[in-house]
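Visitor: Right, I'll just put the structure down here and ask away after.
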């Protein structure tokens with residue numbers, strides 16, 4: 001949390017006075033007009049005086065819902081996964097369709113909600129009653145404690161996100177296009193007899209229904225349901241809300257483990273948003289999906305869930321049948337005790353202990369660019385920038401198992417690498433090659449990590465290696481290699497460019513898989 005002396009946020013990012021009005025005044029006018037038009041269209045529809053626009057409203061509202069559940073909630077608020085730029089843009093457009101505040105404002109409110117659930121600093125405190133947590137929190141002046149928190153709570157990841165900044169800066173033109181013009185023009189195209197007022201009524205009916213579905217997560221999912229993971233909080237498991245809100249009703253689990261991309265222990269069960277994310281991961285547009293292990297879930301249930309018969313679940317067995325590592329268990333236990341009093345809001349919350357981060361499963365670690373992943377998924381062939389088709393034929397070369405001996409090639413004036421004994425080598429002249437071990441050394445302590453950081457520095461190196469050796473190295477040190485930037489054809493060989501993140505330091509790593 002920041003201080004009062006922090007750098008002032010740009011007005012278009014803060015969204016404190018939409019259209020020059022106090023936020024609760026703007027919300028009152030907006031919701032009043034939207035509900036009036038929606039009820040008007042409901043009445044016309046009841047009398048049979050409207051064309052059958054319901055299925056279009058349902059489809060368009062569903063698309064907008066993905067912008068809230070997958071985009072605002074799981075991606076931008078909790079950082080439960082990472083998204084390629086095309087998916088970020090798509091989710092930004094979907095979120096604009098829903099018109100539930102700009103992404104930054106929505107995420108700011110929601111992070112504060114998780115950090116201060118059911119206190120005076122919670123935007124929709126469920127202890128103030130159903131109607132307050134459902135809708136009245138939007139049209140009433142904010143509590144002074146919340147006003148102070150909104151001014152001091154920092155979201156630097158969102159402030160520096162180009163997609164979020166773009167949407168905030170051009171929010172009203174985007175609303176005009178995607179929230180109003182696109183649905184109206186679409187309905188007028190398919191139903192020429194519909195009037196402009198009826199188009200507005202149908203669009204507002206779609207809007208109002210989607211709003212109340214979202215509101216149910218704040219109200220119903222904090223009041224009526226089971227609490228299998230943490231009986232000390234108000235959030236509950238609500239299948240009906242999960243059905244309506246495409247997966248957001250498993251709220252007791254979500255508030256207990258807010259960094260899990262599924263927001264549920266049970267995968268696809270009443271969870272269309274998880275299905276969508278898994279599909280995006282399949283085509284390479286979503287990656288680094290965080291999910292909580294069964295051991296961690298059982299430890300939390302044993303501490304804060306309902307009584308269970310299995311007394312051994314305090315320290316559950318892992319998949320190999322061994323007891324959970326004592327160090328991890330102790331760290332998780334301490335985190336549980338602290339989080340009961342001071343909850344975390346998501347993966348980027350610095351209060352999550354490192355042991356718990358290491359125990360968290362990260363699925364679909366990125367190994368290909370989103371474009372190559374998509375090409376491999378659909379099985380099509382596109383010409384390369386160099387005039388050579390490098391899709392399927394070259395991909396088979398990349399992923400064949402038999403490889404030439406591993407070699408490092410210096411690509412900068414000064415390049416360093418790793419000797420067979422695992423020690424940091426001396427500087428290498430440009431272009432010098434030497435054989436490196438097939439089994440990479442494991443970085444066992446901070447000193448070795450610092451040495452490896454110095455090894456890479458900001459240099460560009462070329463690594464020719466067998467796929468199985470390289471995969472083992474990347475899996476062992478996945479925190480170093482997190483983003484594939486692009487793929488190119490260098491000469492006759494396809495290549496992959498990775499960005500290595502070393503605790504704030506960056507280096508480019510050129511991974512080259514030569515053909516036999």
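The values are calculated or read from the model by the stated rules, or taken from the named source; none is laboratory data. Note that the structure is predicted; figures quoted are calculated from it, not measured. Backbone-built Cβ (ideal geometry, glycine too); neighbour counts: all protein chains shown.
Visitor: For a quick check of your reading of the model, give me the residue pairs whose first member lies in region 237-255 and is in the same structural domain as residue 223 (by TED's automatic domain parsing) and assigned to a helix (DSSP H, G or I), whose second is modelled with pLDDT of 95 or more and surrounded by 24 or more Cβ atoms within 10 Å (Cβ to Cβ), with beta-carbon atoms closer than 8 Å and at least 6 apart or on different chains.
Guide: Sorted first by the residue in region 237-255, then by its partner, the list stays empty.
Visitor: In addition: Among the residues of region 183-196 satisfying the criterion of being in contact (Cβ under 8 Å) with a residue 60 or more places away in the chain and in a helix (DSSP H, G or I), which is surrounded by the most Cβ atoms within 10 Å (Cβ to Cβ)?
Guide: Checked region 183-196; the qualifying residue surrounded by the most Cβ atoms within 10 Å (Cβ to Cβ) is 183.
Visitor: So how many residues does region 267-290 have that are outside any helix (DSSP H, G or I) and surrounded by 13 or more Cβ atoms within 10 Å (Cβ to Cβ)? Full working, then the answer.
Guide: Quick first cut of region 267-290, residues outside any helix (DSSP H, G or I) only: 267-271, 283-290.
Now restrict to residues that are surrounded by 13 or more Cβ atoms within 10 Å (Cβ to Cβ): 268-271, 283-290.
Result for region 267-290: 12.
Visitor: Could you figure out which of (1) farther than 18 Å from residue 270 by Cα; (2) in the same structural domain as residue 107 (by TED's automatic domain parsing); (3) surrounded by fewer than 24 Cβ atoms within 10 Å (Cβ to Cβ) isn't true of residue 220?
Guide: Going through the list (1) farther than 18 Å from residue 270 by Cα; (2) in the same structural domain as residue 107 (by TED's automatic domain parsing); (3) surrounded by fewer than 24 Cβ atoms within 10 Å (Cβ to Cβ), residue 220 breaks only (1).
Visitor: If you check 125, 160, which single one turns out to be free of Cβ contacts under 8 Å to residues at least 24 places away in the same chain, crowded, with 17+ Cβ neighbours inside 10 Å and closer than 22 Å to residue 258 by Cβ? Spell out the reasoning first.
Guide: Numbers: 160 fails: crowded, with 17+ Cβ neighbours inside 10 Å.
Answer to the selection: 125.
Visitor: As an exercise: evaluate residue 78 against (1) out of contact with any helix residue (DSSP H, G or I) (no Cβ under 6 Å at 6 or more places or on another chain); (2) surrounded by 15 or more Cβ atoms within 10 Å (Cβ to Cβ); (3) without any contact (Cβ under 8 Å) to a residue 12 or more places away in the chain and give the number of the one condition it does not meet.
Guide: (3)
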